[in-house]
Amino acid sequence: MTRMFLLLGLTLVWMGACTPETSTAPELPASAAEKLDRIDLRTPLPLPPMMAKRQKENMRDHLLVVKEIIGALVSDDFATIERAAQRIGFSEGTRQMCTRMGAAAPGFTEQALAFHQRVDRVAAAAREGDRVGVLEQLGATLEICTACHATWKQQVVDEATWERLASTGPSSQEKQH
Ligand code: HEC
């Protein structure tokens with residue numbers, strides 16, 4: 001019995017020692033990710049993990065397309081330029097995907113769609129064998145890439161948070177149709 005009380009007493013002392021005193025405890029250090037988020041002042045583009053991964057995969061493919069176009073320009077290979085540009089050109093599929101990606105970030109979808117439509121002009125210039133036109137349109141396309149990067153940062157959130165943000169976002173009405 002005495003031993004039990006002793007044990008109980010010791011446990012209480014131990015718990016007391018481990019309970020932080022909220023009034024005097026120093027602020028918990030922010031994680032490195034939180035620190036980065038605080039100093040990166042771009043607008044968050046909230047996405048759940050799978051969509052965030054997908055978006056970055058698309059992005060890396062965008063850069064690949066630019067590389068392919070420049071490579072093909074060296075030899076005036078307009079068929080390759082057209083094919084590469086068409087890969088990321090505007091389509092009903094891209095419209096749907098960009099609408100979904102921007103569902104929780106007002107303004108993102110519009111920028112994304114303007115981008116894909118601009119890429120179509122690269123393809124059109126290539127179809128005409130217009131070397132300077134390809135370069136001009138590629139330059140204008142890259143301006144949209146860099147403007148978008150200057151504006152948005154990915155913010156990975158859980159599914160429930162994304163659903164909540166997306167349901168109050170600007171594209172929610174379109175999604176319900
Ligand atoms: C509508 C907006 C938008 C457009 C247009 C856009 N991007 Fe991005 N891109 C993003 C966002 C958002 C990220 C993530 C940035 C971050 O979180 O720091 C990103 C990231 C990237 C990354 C990094 C991928 C990784 O794996 O980390 C590359 C490369 C990239 N973009 C290339 C391009 C290229 C090339 C173009 C144009 C040909 C382009 N992007 C157009 C929004 C855009």
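Number of residues in the range 129-139 that are in contact (Cβ under 8 Å) with a residue 24 or more places away in the chain and surrounded by fewer than 16 Cβ atoms within 10 Å (Cβ to Cβ): the value is 3.
The residues on offer are Ala126, Ala112, and the sole one that is closer than 28 Å to Ala52 by Cα and either more than 14 Å from the chain's Cα centre (by Cα) or surrounded by 16 or more Cβ atoms within 10 Å (Cβ to Cβ) (or both) is Ala112. Tell me which residues, restricted to the range 41-77, are over 16 Å from Phe108 (Cα atoms) and open to solvent by less than 40 Å² (accessible area, probe 1.4 Å). Of everything in the range 41-77, those that are over 16 Å from Phe108 (Cα atoms) and open to solvent by less than 40 Å² (accessible area, probe 1.4 Å) turn out to be His62, Val65, Val66, Ile69, Ala72, Leu73. For the range 77-85, state whether one or more residues are in contact with a helix residue (DSSP H, G or I) (Cβ under 8 Å, 6 or more places away or on another chain), under 24 Å from Lys53 (Cβ atoms) and within 13 Å of the ligand (Cβ to nearest atom). Yes: the range 77-85 contains one or more residues that are in contact with a helix residue (DSSP H, G or I) (Cβ under 8 Å, 6 or more places away or on another chain), under 24 Å from Lys53 (Cβ atoms) and within 13 Å of the ligand (Cβ to nearest atom).
Which of (1) touching an Asp or Glu at 6+ places or on another chain (Cβ under 9 Å); (2) within 22 Å of Glu57 (Cα to Cα); (3) in a helix (DSSP H, G or I) is the odd one out, the single condition Phe90 does not satisfy? Exception for Phe90: condition (3). Of the residues screened, Ile69 is one that is near the ligand (Cβ under 10 Å from one of its atoms) and either more than 21 Å from the chain's Cα centre (by Cα) or over 20 Å from Leu142 (Cβ atoms) (or both).
Per the listing Ala112, Ala147, Ala104, Ala126, the residue uniquely out of contact with any strand residue (DSSP E or B) (no Cβ under 7 Å at 6 or more places or on another chain) and more than 8 Å from the ligand (Cβ to nearest atom) is Ala126.
The values are calculated or read from the model by the stated rules, or taken from the named source; none is laboratory data. For clarity, every value in this text was computed on a predicted model and none was experimentally measured. Backbone-built Cβ (ideal geometry, glycine too); neighbour counts: all protein chains shown. Side chains included, ligands, DNA and RNA excluded: accessible areas come from the protein's heavy atoms. Shrake-Rupley method; radii C 1.70, N 1.55, O 1.52, S 1.80 Å.
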